[in-house]
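Nothing in this text is a laboratory measurement; each read-out follows from the coordinates by a stated rule. Everything numeric in this text was worked out from a predicted model, so none of it was measured. Because the Cβ atoms are built from the backbone with ideal geometry, glycine has one as well, and the counts that use them run over all protein chains shown.
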C-alpha cells in the first residue's frame, strides 16, 4: 500500500487516470447487472442473459489481435479514448432503445470497446509512470478492475431499489464519457512513426504479433496457462449461486461468497506492487495458479465457512496470477509489440470464458455443483504442474528479457500526441 500511495502522490498523470478509471469501473460493474436485468425484461428467457454476457467476449475472441495491432500502430491513448466513447454511446443507447436484438447489438459494441481498451491501456502503462513505479501502477490497475466487478454489482442492487435499469445503464455511459475526457488529456503509450506510416497494414501486423508471441517461449506458456486457468476458474462463476443454494445459505450467502472471492481478488492484485526480478515474478505467478486450485478444491467440502475461505483463496490466487502475468509481459515483451501481446492474452482468455460458461452449464445439469468445482480444481492443479515444468528453465535469476526468444529493440521515437 505505501508504494501505491507513493505512486498517486508522485505521478500526477497516473493520479488523473486512476481517478477516471475507478469511477468508470464502478459504473461498469453496476452497468452489467443492469444490462442483464434489461435483457431479461425484454425477452423472458435464459438465452437473453447468455446472449448479452457472451457479447462481452465475442469481439475479443474474433478481433483481439487486430485491436492490439491498432494500438501498437497508432496511439494507445487514442485507442483507449475511442474504446471509452464506444462504450459510452452503447450504454446510453441501451437505456433509450427497446427490443432484445437491439440490446444484443449494443452489448456487442460494448464488447468491442472492452476488447480495444484492455490491451491499449496495459501496453500504455509503462510510459504513464516511472519504471520503478510500474509494478505499483499495474497492481493498482488490477485492483481497481476487480473492485469494480465486486462493488459495482452491490451498488447496482442499491440503485435499482430507487431507479430503473435504464437509468443505471445511462449513468454508466456517462462514467465512460468522463473517462474518455480525462484520458484525452493524459499522454501515454508512444508509438514509433515507422509503425504508423510504413510497413505492413493492421491485419498483417496482427498476424505478426500472434507469431511473435508464439515464438516467445515463456510468454507462450503464460498464454496457454492463463487461458486454461480462466477456463477452469470461470466454471466457479456458473456454479457459485448453486453452491450457495446447496449450502442452504440463500441469496445473502451467495452475495457473501461473491464478496469473499472479489475481496481476495483485490488483495491478490495489490500484492504485485513490489518490484521484483523475473524469477520472483515467475514464482508468484505459479503460486497464484496453485492457490486457485487449492481454493476450488476446498470449496467442494460441504461447509459454508470452508467454501467462503476457499473462494477467498481462489480470488487471491487469481489476482496474484494476473498481476504477475502482466508484470512479466511488461518486462519481457518489446514495447512495439506490447499491445498485441496483451491482445493475444485477451483473445485466449475470452475463449476460455466462453468455453467455461457453456461447459460448466452442461456439467452442472449432469453431475451437480461439487463435481464442477472438483473438475475445475483438478484441472487448475494440472495446469500448475505443467506450467511449472515448462517454465523451469525460463526466467531464472540470471535471465534477461531478451533471452525469451525476441530481441528487445531500443525505445522508438515517440509519435506526436500518442
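First check a/c for the stretch 1-199, with a ≥ b ≥ c the square roots of the eigenvalues of its C-alpha gyration tensor; if it is under 1.5, answer rounded, and if not, answer prolate when a/b is larger than b/c or oblate otherwise.
Taking the square roots of the gyration eigenvalues as a ≥ b ≥ c, the stretch 1-199 is oblate.
Go ahead and estimate [θ] at 222 nm for the chain from helices alone: -39,500 (n - 2.57) per DSSP H run with n ≥ 4, summed, over the residue count, rounded to 500.
Helix-only estimate at 222 nm: -27500 deg cm²/dmol.
Within the stretch 290-328, which residues have the backbone N less than 15 Å from the label spot 7 Å out from residue 256 along Cα→beta-carbon, could you tell me?
So the set is 303-312.
Normalized C-alpha radius of gyration of the stretch 202-392, against 2.2 N^0.38 Å?
1.05
Which of 359, 113, 377 moves most in a GNM of the chain, Cα contacts under 10 Å?
Residue with maximal mean-square fluctuation among 359, 113, 377: 359.
Pick from 296, 106, 306: which residue has the top mean-square fluctuation in a GNM of the chain where Cα pairs under 10 Å get a spring?
306
Could you put 358, 26 in order, starting from the residue whose Cβ has the fewest other Cβ atoms within 10 Å?
Sorted ascending by nearby Cβ count, the order is 358, 26.
Can you tell me the order of 327-339, 200-212 when each peptide is scored by its average per-residue count of other Cβ atoms within 10 angstrom, highest first?
By packing density, highest mean first, the sequence is 327-339, 200-212.
Can you work out the FRET efficiency for the pair residue 49 and residue 167, with r the C-beta to C-beta distance and R0 = 25 Å, to the nearest 0.05?
Calculated value: 0.80.
Taking R0 as 22 Å, what's the FRET efficiency between residue 62 and residue 203 from their Cβ-Cβ distance, rounded to 0.05?
Plugging the Cβ-Cβ distance into 1/(1 + (r/R0)^6) gives 0.95.
Cut-off 10 angstrom, C-alpha nodes, Gaussian network model of the chain. Which of 318, 237, 28 fluctuates the most?
237
Sorting check: for 94-105, 379-390, 175-186, 64-75, which peptide has the highest mean count of neighbouring beta carbons within 10 Å, and how do the rest follow?
Going by the mean number of other Cβ atoms within 10 Å, highest first, we get 64-75, 175-186, 379-390, 94-105.
Simple spin-label model, 7 Å along Cα-to-Cβ: residue 378 to residue 365 in nm?
Here the answer is 2.3 nm between the modelled labels.
Just grab the label-to-label distance for residue 184 and residue 97, each label 7 Å out from Cα along the Cβ direction, in nm (one decimal).
Label at residue 184, label at residue 97, 2.4 nm between them.
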